[in-house]
């Protein structure tokens with residue numbers, strides 16, 4: 001599968017088979033995430049694999065029904081990875097202060113993309129949860145106060161085969177040429 005097939009195939013899955021996900025595949029996804037670029041190579045991330053019954057129960061208590069009706073499908077996922085953001089290196093923080101940027105947020109976003117795309121490459125589907133009880137997760141998984149929980153990513157095999165059609169904005173709605181609002185018009189020679 002080439003890169004464009006991979007990004008077309010990757011989607012948020014909310015209906016999983018009860019087939020277990022091997023720890024080996026989860027570790028491979030974390031290895032891929034660890035290769036993501038980060039400002040000044042600070043790698044401000046940490047990952048917690050959740051694949052045992054007791055740990056999954058604690059995860060569900062902190063993710064399901066935080067807002068009534070949200071994330072109920074998480075109980076179907078055979079595994080999850082908690083994605084943490086730690087403190088960036090001093091050099092990355094200094095560089096970010098110049099532009100009032102917090103590069104660690106972008107770094108963790110890059111790692112999330114690598115994590116989910118590698119899962120897709122391995123035949124898994126994922127769903128990134130952004131609604132959870134961070135305090136419960138920190139207490140349940142002994143997460144130090146110096147880390148923020150940025151996401152919980154569910155992993156599993158989808159019940160529905162093949163990706164669904166994606167609804168995305170047209171390219172001319174998200175792309176400007178040489179200045180904001182300068183329209184992009186596809187030319188006959190463009191691929």
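The values are calculated or read from the model by the stated rules, or taken from the named source; none is laboratory data. Predicted, not measured: the structure shown is a model, and the values here were computed from it. Positions of Cβ are generated from backbone atoms using ideal geometry, with glycine treated the same way; all protein chains shown enter the neighbour counts.
Which residues, counting only those in the stretch 148-161, are touching a strand residue (DSSP E or B) at 6+ places or on another chain (Cβ under 8 Å) and at pLDDT below 95? Outline the logic, then answer.
Of all residues in the stretch 148-161, those touching a strand residue (DSSP E or B) at 6+ places or on another chain (Cβ under 8 Å) come to 148-159.
Matches in the stretch 148-161: 148, 158, 159.
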* Output yes when any residue across the stretch 48-59 is surrounded by 17 or more Cβ atoms within 10 Å (Cβ to Cβ), in contact with a helix residue (DSSP H, G or I) (Cβ under 9 Å, 6 or more places away or on another chain) and at pLDDT below 95, and no when none is. => no
* Could you check how many residues of the stretch 133-189 are under 28 Å from residue 73 (Cα atoms) and in a helix (DSSP H, G or I)? => 7
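For the stretch 49-87, give me each residue that is assigned to a helix (DSSP H, G or I), free of Cβ contacts under 8 Å to residues at least 24 places away in the same chain and within 20 Å of residue 20 (Cβ to Cβ). Please lay out each step first, then the result.
Restricting attention to the stretch 49-87, the residues satisfying the condition of being assigned to a helix (DSSP H, G or I) are 53-63, 72-76.
Now restrict to residues that are free of Cβ contacts under 8 Å to residues at least 24 places away in the same chain: 53-54, 57, 60, 72, 75.
If the condition is that a residue be assigned to a helix (DSSP H, G or I), free of Cβ contacts under 8 Å to residues at least 24 places away in the same chain and within 20 Å of residue 20 (Cβ to Cβ), then 53, 54, 57, 60, 75 are the ones that fit.
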* Looking at residue 174, is it within 26 Å of residue 39 (Cβ to Cβ) and surrounded by fewer than 16 Cβ atoms within 10 Å (Cβ to Cβ)? -> yes
